[in-house]
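K.L.:
After the structure tokens below, expect a handful of questions from me.
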Amino acid sequence: MSFARQMFGQVQRRAFSASARQSSKVAVLGAAGGIGQPLSLLMKLNPRVSQLALYDIRLGPGVAADISHINTKSTVKGYDPTPSGLRECLEGSDIILIPAGVPRKPGMTRDVDLFNTNASIVRDLAKAAADAAPNANLLIISNPVNSTVPICAEVFKSKGVYNPKRLFGVTTLDLVRASKFVSELKGTDPADEKITVVGGHSGVTIVPLISQSGHHDITGEKLDALINRIQFGGDEVVKAKDGAGSATLSMAMAGARFAESLLKASQGEKGVVECTFVDSPLYKDQGIDFFSSKVELGPDGVQKIHEVGRINKYEENLLEAAMGDLKKNIQKGVDFVKANP
Ligand code: NAD
Ligand code: LMR
């Protein structure tokens, strides 16, 4: 069995609905970066991808040449860092993954230090996407996700092409970490630990719902430590990399998992559910327009946004603590585009 098939399981040969798409163009913006390179590699190994388009302000064609020698069916092209290169990269894309932007170093926060640089990078890439591929699914990895997703929404609104069903903040790494950390505590297989994580993607806005996994025996200090580790898992990696960046390899895996889920859903598979940060009705009455909860994916992107569901008092408090930061982070993104269109 080829490496690609081992990684992604058997290629789906079941009957897809007549409208399901069998071929998919995936673009990666920031493809030469710490996340971009392994993410592009994983996309090349995914048999659901037919075309891979790689863009970066440096080394896009180089990374593409390298990856293009891998003997899977998809074609790979790298694009020059010019407006026309970016446009060609984006045109016809079904999925646009954006891991472009600076990562944290020790002592930095996503909300302040990364925002200052990444807000304009994401705004400009979103403008190009809105012009060249307004119907694509836009998957935002660049931090701070709580603000970069609203930035994209504002850009698409300003160009009259906003479709809330096609915009996703990738929070999958929080779920991946939660699954792994719980399995370490319980001595179980992480593949069996499906932990729901809601809210946003930074610090206390990350709200793991351990009670929904049935682990009622994780309590007290053990639970506090677990929640803290999930919420601040990113810091663990930033510290260990000691100035050389943040999570890249685990993020590439998480981004590839989310893209795979979206590809499955767009190719006709039913019941595909991921937690993701989307334009959500759940807390709009509290002024929070974006929220991550379980979302069923379909051929049109977001199919159904699930309620948070039953949570205990401890988790109610976590959720409560998340809301203030979340609201501010979202507003900061919206205000940025209004002030810097
Ligand atoms: P990196 O510096 O290694 O790579 C970023 C890449 O973006 C570089 O190759 C750079 O040339 C490119 N780039 C910069 N401006 C660009 C532009 N205008 N157009 C296209 N490409 C551009 O950083 P990284 O470690 O890959 O992290 C990237 C981002 O992802 C950071 O903001 C980081 O905080 C974020 N991140 C998010 C999550 C998450 O869970 N959502 C997890 C880890 C990292
Ligand atoms: C993460 O959670 O690993 C990312 O958001 C990167 C970071 O800055 O911690």
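Where a number appears in this text, it was derived from the coordinates with a stated rule and is not lab data. On a predicted model such as this, the values are computed, not experimentally measured, just so you know. Here Cβ is always computed from backbone atoms with ideal geometry, including for glycine, and neighbour counts include all displayed protein chains.
K.L.:
Assigning unit charges at the beta carbon (Lys, Arg +1; Asp, Glu -1) and nothing else, what dipole magnitude in debye, to the nearest 20, does the chain show about its Cα centre?
P.N.:
In debye, rounded to 20, the chain gives about 800.
K.L.:
Which whole-Hz couplings ³J(HN,Hα) result when phi for each residue of the range 104-120 is put into the Karplus expression 6.51 cos²θ - 1.76 cosθ + 1.60, θ = phi - 60°, listed in order with x for Gly and Pro?
P.N.:
Running phi through 6.51 cos²θ - 1.76 cosθ + 1.60 with θ = phi - 60° gives 6, 10, x, x, 8, 10, 5, 5, 9, 5, 7, 3, 4, 8, 7, 4, 6 Hz.
K.L.:
Provide the per-residue ³J(HN,Hα) series for the range 198-208, in order, calculated from phi with Karplus coefficients 6.51, -1.76, 1.60 and θ = phi - 60°, each as a whole number of Hz, with x at glycine and proline positions.
P.N.:
10, x, x, 10, 4, x, 5, 6, 8, 10, x
K.L.:
How big is the dipole moment of the range 40-84 about its Cα centre under a simple scheme where the beta carbon of each Lys and Arg is +1, that of each Asp and Glu is -1, and everything else is neutral? Debye, nearest 20, please.
P.N.:
Its charge dipole is roughly 200 debye.
K.L.:
Which far-off residues, 5 or more places away or on another chain, put their amide H under 5 Å from the one on residue 201, with H placed in the peptide plane?
P.N.:
Distant-sequence amide H within range of residue 201: 146.
K.L.:
Next question. Per residue of the range 255-272, in order, report the coupling 6.51 cos²θ - 1.76 cosθ + 1.60 (Karplus, θ = phi - 60°) as ³J(HN,Hα) in whole Hz, putting x for Gly and Pro.
P.N.:
Each residue of the range 255-272 in turn: x, 5, 5, 5, 4, 4, 4, 5, 5, 4, 5, 6, 8, x, 6, 9, x, 8 Hz.
K.L.:
While we're on this one: Regarding the range 172-331, what's the average projected area of the Cα-atom convex hull, expressed in nm²?
P.N.:
10.1
K.L.:
Moving to a separate point now. What's the longest uninterrupted piece of the chain once you rule out the trypsin sites (Lys or Arg not before Pro) that are loop residues per DSSP with at most 11 other Cβ within 10 Å?
P.N.:
The reported range is 74-269.
K.L.:
Taking the Cα centre of the range 215-341 as origin, sum charge times position over the Cβ atoms of Lys and Arg (+1) and Asp and Glu (-1), and report the length of that vector in debye to the nearest 20.
P.N.:
Here the size comes out at about 200 debye.
K.L.:
Once R0 is set to 45 Å, what does the formula 1/(1 + (r/R0)^6) return for the Cβ-Cβ distance between residue 194 and residue 87, expressed as a FRET efficiency to the nearest 0.05?
P.N.:
The pair residue 194/residue 87 has a calculated efficiency of 0.70.
K.L.:
Counting only residues 5 or more places away or on other chains, whose amide H sits under 5 Å from the amide H of residue 276 once H atoms are built in the peptide plane?
P.N.:
Under 5 Å from the amide H of residue 276 lie the amide H atoms of 293, 295, each far enough along the sequence or on another chain.
K.L.:
Can you pull out the GluC sites (Glu not before Pro) in the range 282-341 whose DSSP state is coil and whose Cβ has at most 11 other Cβ atoms within 10 Å?
P.N.:
307
K.L.:
Could you tell me the center-to-center distance, by alpha carbons, between the range 279-299 and the range 100-119 in angstrom?
P.N.:
Between the Cα centre of the range 279-299 and that of the range 100-119, the gap is 25 Å.
K.L.:
Could I ask something else about it? Below 14 angstrom from the Cβ of residue 155, what's the summed charge of the other residues (Lys, Arg +1; Asp, Glu -1)?
P.N.:
Around residue 155, the charge tally is +1.
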